[in-house]
C-alpha cells in the first residue's frame, strides 16, 4: 500500500464507475452517495476489528512494514537495506509531544545523485546541502564545526527605488566605498567573534565578504534554501539569526565535520556527526535520473508508512488479505438489505475487490483464478491469505506482509469522500478554443 496514494486513486475511479452503472439503473446520485457512506462505516468497523497493535520497540515488525511499502525493488537485499535506512531515519526525527509521538516527513531530505548502485545509498546523521563553498580557497573540510545559521545578507543591498549619488571628488568616492566595506567587515567580525568557523547563509555573500571570511578562517555557503536552514537548525541545535546584532556563541550549532564533496562535477556540502539530530538526510544513488526519481518515491512511501505507526501503532495484513475481508463483510451485509441498498453495497464491495484484481494483474497472476482461490482460502483456512507479490502466489501473509492501519483507513475515507463529491456533480461545462483560434 505504501502511503495509499495509488490505492486511493484506483478505488475512487472504480467507485465512480460503479456509481454510473447504478445511476443508469435508476438509482439517484444522492442515494448512491448515502449508500457508499453507510458501506464505508461498516468497512471501517471491520478494519478496526481486524487491526492489531504494533510494538514500536519491535524493530523486526517495523522493518516488515517498511519492506511492504517498498515495492519497486526486486532484490530482497535492496529492500532490506533500504528499509533499514527508512527505520533509522524515522527513529531520528520522531519526538514525543503531549503524551504521543510527532514527526514531519519534511525533516528527512532526500538528495539524488547519479552514479554507483542503489545499495550505495546511505543515511547521513545531519544535513546534505545541495550547494558549494562560496570561495575556492576556503577550507573544504572543517572538523569540530561551530555553525552559524544566518538569514541576512553579507552584501550591500541595492535600494528598492532608483537613486543617484553625485560624487564630486575622489575622497568622497573613497569615503562612500569605505562605508560599504566597514558595514560588511562589521557583520563578518561579529560572526568571527561568536566563534563560528562555518557559515550557512540563506541570502547572498558578496566577494568582499568572502575575502574577509576566508582571511578569518571561516568556510561559508550561500543562498541555502529555507527548508535546508530549518533542517540544519534541528540537526545542529543552532538558531537561525535574522539580525547581525544577535549573533552569539549560544546560537551556534555543532557538527563533527562539514565537508564538500564532488559528484559528477556537482558539489554538495555534508554536515555530519550531529549529536542526536532531529533532521537527517538520505543520499540516494543510482545509475540514472529516472531510477532515482522512482527510488525517491519508494523511500517516501515507506517513510510515510512507518511514521503513521507512531501516530496509531496498529496494522492489518497486507497483500489484499484485509481488503478481501472487508469486501466479504460488505457482501454479507448486502444479503440482509433490499433493492437499492443491496445493489450499492455490492457495488462498493466490487470496487474494493478491484484493488485485489489489479494487484494480481500487476504481479503477473490471473485475476479471476486468484480471486477464486483467495475466497476459498478465506472461507476455509483463515483471513491472512493474500497475494505474495514476490513469489507470485496466494499465501498466508500474516506477520509477513503488513499495512499500517492508519494508512488503509485514510485512503478508504478519502476515496469515498472524493467519489461521492464527483457523483454529486450535476453537470460539467467544458470550454474549448474556437476553431479559428486553434488554426491561428
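Within the bounds of the stretch 246-263, is there any residue that is farther than 30 Å from residue 190 by Cα, outside any helix (DSSP H, G or I), touching a residue at least 60 places away in the same chain (Cβ under 8 Å) and assigned by TED's automatic domain parsing to the domain that holds residue 188? There is at least one residue in the stretch 246-263 that is farther than 30 Å from residue 190 by Cα, outside any helix (DSSP H, G or I), touching a residue at least 60 places away in the same chain (Cβ under 8 Å) and assigned by TED's automatic domain parsing to the domain that holds residue 188.
Under the condition of being part of a strand (DSSP E or B) and in contact with a helix residue (DSSP H, G or I) (Cβ under 8 Å, 6 or more places away or on another chain), which residue from the stretch 181-205 is farthest from residue 218 (Cα to Cα)?
We begin by selecting, within the stretch 181-205, every residue part of a strand (DSSP E or B); these are 198-201, 205.
Right, trim to in contact with a helix residue (DSSP H, G or I) (Cβ under 8 Å, 6 or more places away or on another chain) and you get 199-200, 205.
On the way: 199: 7, 200: 11, 205: 13 Å.
Step by step, filter the stretch 181-205, then rank; the result is 205.
Scanning the stretch 89-131 for residues that are within 19 Å of residue 69 (Cα to Cα) and without any contact (Cβ under 8 Å) to a residue 40 or more places away in the chain gives 91, 104. Do the conditions hold for residue 165, that is, is it at pLDDT below 80 and either part of a strand (DSSP E or B) or out of contact with any helix residue (DSSP H, G or I) (no Cβ under 6 Å at 6 or more places or on another chain) (or both)? Answer is yes for this residue.
A single entry from 324, 309 fulfils the requirement of being in a helix (DSSP H, G or I), within 23 Å of residue 380 (Cβ to Cβ) and in contact with a strand residue (DSSP E or B) (Cβ under 9 Å, 6 or more places away or on another chain): 324. Can you spot a residue in the stretch 401-412 that is within 15 Å of residue 327 (Cβ to Cβ) and part of a helix (DSSP H, G or I)? Looking through the stretch 401-412, at least one residue is within 15 Å of residue 327 (Cβ to Cβ) and part of a helix (DSSP H, G or I).
Looking at the stretch 68-89, which of its residues are closer than 16 Å to residue 121 by Cα, touching a strand residue (DSSP E or B) at 6+ places or on another chain (Cβ under 9 Å) and buried (at least 18 other Cβ atoms within 10 Å of the Cβ)?
First pass over the stretch 68-89, keeping only residues closer than 16 Å to residue 121 by Cα: 70, 72-73, 75-89.
So of that shortlist, the ones also touching a strand residue (DSSP E or B) at 6+ places or on another chain (Cβ under 9 Å) come out as 84-86, 88-89.
Listed by number, the residues that qualify are 85, 86, 89.
Contact annotation: residue pairs with Cβ atoms under 6 Å, 6 or more positions apart or on different chains, pairing a residue in the stretch 214-234 that is at pLDDT below 95 with a partner that is in a loop (DSSP other than H, G, I, E, B) and exposed (fewer than 14 other Cβ atoms within 10 Å of the Cβ), are 214/137. Every condition in (1) without any contact (Cβ under 8 Å) to a residue 60 or more places away in the chain; (2) touching a helix residue (DSSP H, G or I) at 6+ places or on another chain (Cβ under 8 Å); (3) closer than 20 Å to residue 79 by Cα holds for residue 374 except the one numbered (3).
Against the numbered list (1) touching a strand residue (DSSP E or B) at 6+ places or on another chain (Cβ under 9 Å); (2) closer than 30 Å to residue 98 by Cα, residue 302 comes up short only at (1).
Taking strands (runs of 3 or more DSSP E) as the structural unit, those lying wholly within the stretch 37-127 and holding at least 1 residues that are modelled with pLDDT of 90 or more correspond to 108-114, 122-124.
Considering only residues that are part of a helix (DSSP H, G or I) and more than 29 Å from the chain's Cα centre (by Cα), look in the stretch 229-245 and name the one that is surrounded by the most Cβ atoms within 10 Å (Cβ to Cβ). Full working, then the answer.
Filtering the stretch 229-245 down to residues part of a helix (DSSP H, G or I) leaves 229-236, 244-245.
Checking which are more than 29 Å from the chain's Cα centre (by Cα) leaves us with 244-245.
Details: 244: 17, 245: 8.
Only one residue tops the list, namely 244.
The sole residue among 358, 336 that is in the same structural domain as residue 14 (by TED's automatic domain parsing), modelled with pLDDT of 90 or more and not in a helix (DSSP H, G or I) is 336.
The values are calculated or read from the model by the stated rules, or taken from the named source; none is laboratory data. Here the structure is a predicted model, which is why all the values come from computation and not from measurement. Cβ sites come from the backbone with ideal geometry, for glycine too, and all protein chains shown count toward neighbours.
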